[in-house]
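Derivation of every value follows stated rules applied to the coordinates shown; laboratory data play no part. None of the values given here were measured: they were computed from a predicted structure. Reconstructed Cβ throughout: ideal geometry from the backbone, glycine too, with neighbour counts over all protein chains shown.
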């Protein structure tokens, strides 16, 4: 089901022996055998079990909180409330924020007085057993006096709306002004305006948040935790009031992240209670805890106004975005920035005005989620492209062709992405791969849709991102990699191993990667923002190639040739083109060892460092580079019931260079599932801010019965800024899926549902509205 | 608690004893006695991460009371094979890239084993229907489907070769 | 799961009934598959003092396929149904429902009696059984009684079963030839979903008229219920599109759905009508095609075929 098209050989004389092959990942055998310990699988003697007491309303004043009965329960070791805490807050680290809205992300650790969202933690309980902790949870008495809340971001901007946190509900504002929008609209033959709504989304990683903390003999708080970010030791230390070197995060292979384990989850609670009780403490969220325990995807309301000529040239674009930030700031200003930059999509728009705001409400707080704002923008701009095409009577693909941003052209911020822009060929390949249309029959209508995208990889360049890795060769020729990178399931660690063994002339079974320990592995930065391969892959490559250079130099002397003539592969060192002149890698390593030649290297890779975008015009560089591609689908829609079935799902992405094609496909196919659920079935419903769908029987992600086989078309421009020209695929895999499905449904039924998820009910309502056949009235 | 008692669970061919109250689920009990390979994802039968075989039938261990499993043959993913001797289902999942974060995999491998036991030559429908109680957020299932088919073929070939 | 209780595991039916009788003064509940009860206990919706596990009660297993009636034990699992060719022949709708019932692990443990006794209007085995005119046998230490499933439910999660009684058997008459017996589950996704609207239908025909109609509706009222007026409209008549439309409207009129997280009441009313019309039309067309001398009692399309058609997006869902 997969084709890989490689073009433009990366460099002459480079022959990949490990990179680019669908090798069995280093983490796979342990996982399928049930041998891999996740963070929740660690236990310690004398360990306490924790639970979090949560508010059951979304907006209230805490009048009284009585934990005395819980404390009195036999087996309860500690019950902690805000009253017991030092006057500290926890912050989301947002360096480099500028602009006129507030930067303060500080928030209470436990509710002091004001409850701002459903599930906000009131108290922490640690007990000898899980049963006792569960029992104690029921004995906590909380008197909450409801305060009027605000649950809609547009309402939250109105005068007189309840204020979530003083001084106002506007959390962040961002703007792009480029060219002359007025002139552009004047030049347009047709102006198309639509408003699109995107929903909350739950990450729904299968492993709920979990961790185990203890204080060691050096008075260091150790936290074994499921996280995407071991660098959180810093905000944790700040929050509990200890020096940074007194908190150590030890990760584990993560049971799914998707951005949901990017912020702090259980760490602070664990640190507090481990220090207070002096005993190891374990906290595992229940699924219900998890639904309210980490930030969701920001719902957006996006209004697109596009000016276009009759022949399909976009002359102006005006975009207004409002994002629901929920009750606390978290990463909202960043998410908003991504949406802003992505607003026009992979299209050349010279006259552009984008105004984006993130607004506080008493809904669940929102933060990082695969696609990170750029995905919400894509959901809108790709639907808008179809609507524009319809308005001027032009083929949807043709409209796109005429407006695609091309390699070397400036994007929304005026920045020229350094890599190839292959949206066009990805779109053509994906569209063609849909093949013969499935025939419509009776009430079953068939429709097709495409989504094209631009998605950054690598963090915002004004954050001055760096990543470190250490690579060494052991005396027997095996390789060790040390890097703090977290592996959240995409094969991050295995890919680093593949890069290291490529450079060092050995094979993947000969490498061990130690990762994810903030005290002993070099800090590699977060596994977020589709940056792990780009940043840490480059760091590993640098380190491994430095070691290789020393080995090769020594081998060249042994062979009596120039270093450039020496090659390594499959544990042999040899003279290129003269494989008869060779020695085993292990022999070369022994020689180097005996002569004191340095067999290891610590390298740091630095992303481009820039200033912040111009605050008035939004012009400048935001990211290191961008990935481009497309997703196409065919759907069947039952026009009587509104049921949708995705029949075909095809992705075509330029990944730059595959490190492991099987892992790339896995990302793409998983992204297709995330995007399909987002488009069609996943829905977080709230009543006055109270989540009423906190389980997997109510929050419906696609099952094995719902997913088509996803076809992957992988293109390799070898033009990216990652190792060997790689780009990134983690987030891009998901970004274009939902609008492709929305466009296919609209194509099938002839009317658009402007709000996701596109449920059967919304489809039936849209059809009835169009046909004037009445509404879906509820009985009186 | 007065309603605790010591029971013997036969797990992966070995008898293991533990003292549990009546309300302890098989999932909790298995993890308490060290079977960390059985994963907790939802505790209400929605996700399948905790699936084990009880007398050859795949069940959600979170919906099974530990006491009622006494005397039964319980098989977890570790009972199928180990690193040096992976079961064909495990091998196919590893080599086919069907495990990403891997947290759902102990349950999915068990369900896959049960599907192949019942349908040695499973149709696509058999596989989809058999896996509909196992949620995976990473793979989109495509490689899971392929791995189940591959494993079934390997098992069939192994049988016919004997 | 913190929900302490006493657990008894009787070895036979008499022991189970004695345990339930002895527990009348405390809150005692039976557990079979546990796929509802354990979830409810964990959510603290149920807090029993004593739980009587039925796993060892052999009398509750077993299926009996008589010439006139089919009878299955209360502890028959959903998987047992799916593995039985006799059930596939005698109750196609039950198989269609069982196929899409939760996931594999739940199907392996969830029981027919448990699905009835949970009292949920979305219980997926109930509309098919209701469309088959099933009876429920209740036993207690004091004796045994049989009630029509049609009279079993009193209201939302309320039924005629006393706390000391168990559903021991479920039985239904064989379908006449020719007949169509079918079920459609409308849900928000295909796998492991809770029903939004479920419609089960039994339609029998002779000499060009409909001789019997049973339309059972799931998830559209406090209980699973029959659309009696719709049935009455069809019985004794040759079906026409107009008549089928009226029956479909009558089925909607019989419904009293609510808004919930899955759908609005209005959508449920709409889909009850659509699905009733669709199932009845399709069944009647089949009689037409077969000249109402259908070759098999189970004129319904075999379940796997239905799904294959659904996947192809074709006849499986067309009216």
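Globularity index of segment C:59-173 is 0.98 (Cα radius of gyration / 2.2 N^0.38 Å, N = number of residues).
Max-minus-min Cα coordinates of chain C on each principal axis give 58, 44, 34 Å, with the largest extent listed first. Counting every other Cβ atom within 10 Å of each residue's Cβ, A:752, A:71, A:770 order from fewest to most as A:770, A:71, A:752. Across all Cα atoms of segment A:466-520, the radius of gyration (one decimal) and Dmax (whole number) stand at 10.9, 31 Å.
Our summary gives segment B:4-79 a relative contact order of 38 percent, counting only alpha carbon pairs under 8 angstrom and 6 or more residues apart. With bins 10 Å wide beginning at 0, the percent of Cα pairs of segment A:333-456 falling in each bin runs 11, 36, 32, 16, 5, 0. Modelled spin-label separation between residue A:557 and residue A:56, with each label point placed 7 Å from Cα along the Cα-to-Cβ direction: 7.6 nm. Counting only DSSP beta bridges whose two residues both lie in chain A, roughly 75 percent are antiparallel.
In percent, rounded to a whole number, the relative contact order of chain C is 15, using alpha-carbon pairs under 8 Å and six or more apart. Find how many whole Å separate the alpha carbon centroid of segment A:627-702 from the alpha carbon centroid of segment C:24-65. First find each Cα centre; the distance between them is then 37 Å. Roughly how many Å is it from the Cα centre of segment C:99-166 to that of segment B:13-43, as a whole number? After rounding, the separation between the Cα centres reads 31 Å. Per-residue Cβ neighbour counts within 10 Å put C:118, B:62, A:658 in the sequence C:118, A:658, B:62, beginning with the fewest. Please state the shape class of segment B:4-79: rounded when a/c is under 1.5, otherwise prolate if a/b exceeds b/c and oblate if not, all from the C-alpha gyration tensor. Oblate, since a/c reaches 1.5 and b/c is not below a/b. Calculate the FRET efficiency for residue C:65 and residue C:258 from the Cβ-Cβ distance with a Förster distance of 56 Å, rounded to the nearest 0.05. So the FRET efficiency works out to roughly 0.90. The value for segment A:466-606 of Rg(Cα) / (2.2 N^0.38 Å) is 1.05.
Nearest 10 degrees is fine. How inclined is helix B:105-118 to the longest principal axis of chain B, computing both from alpha carbons? It works out to around 70 degrees.
Highest average first, the peptides A:314-323, A:54-63 ordered by how many other beta carbon atoms sit within 10 Å of their residues are A:314-323, A:54-63. Inter-label distance, residue A:402 to residue A:88: 6.1 nm, where each label sits 7 Å from its Cα along the C-beta direction. Counting, for every residue in C:195-202, the Cβ atoms of other protein chains within 10 Å of its Cβ and taking the mean gives 1.
Based on Cα atoms of the protein assembly as shown, Rg over Rh with Rh as the Kirkwood radius reads 0.97. With a Förster radius of 35 Å applied to the C-beta separation of residue B:121 and residue A:509, the computed FRET efficiency comes to 0.60. Summed over qualifying helices (DSSP H, 4 residues or more, each -39500 (n - 2.57)) and divided by its residue number, chain A shows a 222 nm mean residue ellipticity of -7500 deg cm²/dmol. When peptides A:448-458, A:136-146 are ranked by their average number of other Cβ atoms within 10 Å per residue, the highest-first order is A:448-458, A:136-146.
Ranked by how many other Cβ atoms sit within 10 Å of their own Cβ, fewest first, the residues B:39, A:390, B:44 fall in the order A:390, B:44, B:39. Applying 1/(1 + (r/R0)^6) with R0 = 60 Å to the Cβ-Cβ distance of residue A:309 and residue C:232 gives a FRET efficiency near 0.40. Average projection, convex hull of the Cα set of chain B: 9.5 square nanometres.
Using the alpha-carbon positions of segment C:179-306, Rg (one decimal) and Dmax (whole number) come out as 14.4, 45 Å. Taking every alpha-carbon pair under 8 Å whose residues sit at least 6 apart, segment C:59-173 reaches a relative contact order of 29 percent. Of all beta bridges that DSSP places with both ends in segment A:633-780, some 55 percent have antiparallel geometry. Centre-to-centre separation between the Cα atoms of segment A:288-304 and those of segment A:354-384: 9 Å. Shielding by partners for peptide C:105-118, expressed as the average number of C-beta atoms from other protein chains within 10 Å of each residue's C-beta, is 4. In terms of its alpha-carbon gyration tensor, segment B:81-161 comes out oblate; a/c meets the 1.5 threshold, while b/c is at least as large as a/b.
The value given for segment C:6-53 is a Kirkwood hydrodynamic radius of 10.9 Å, derived from the mean inverse Cα-Cα separation.
Mean per-residue shielding of peptide C:274-280 is 2, counting Cβ atoms of other chains within 10 Å of each Cβ. In a GNM of chain C with a 10 Å cut-off on Cα contacts, which of C:177, C:261, C:126 has the highest mean-square fluctuation? Greatest mean-square fluctuation among the candidates belongs to C:261. Per-residue ellipticity at 222 nm, computed for chain C from helices alone with -39500 (n - 2.57) per DSSP H run of at least four residues, works out to -9500 deg cm²/dmol. Here the Kirkwood formula, the inverse mean of 1/r across different C-alpha pairs, assigns segment B:36-85 a hydrodynamic radius of 11.4 Å. In this label model, residue C:24 and residue A:143 are separated by 4.4 nm, measuring between points 7 Å along each Cα→Cβ vector. The packing ranking of peptides A:727-733, A:161-167, B:71-77, highest mean first, is A:727-733, B:71-77, A:161-167, where packing means the average number of other beta carbon atoms within 10 angstrom of each residue.
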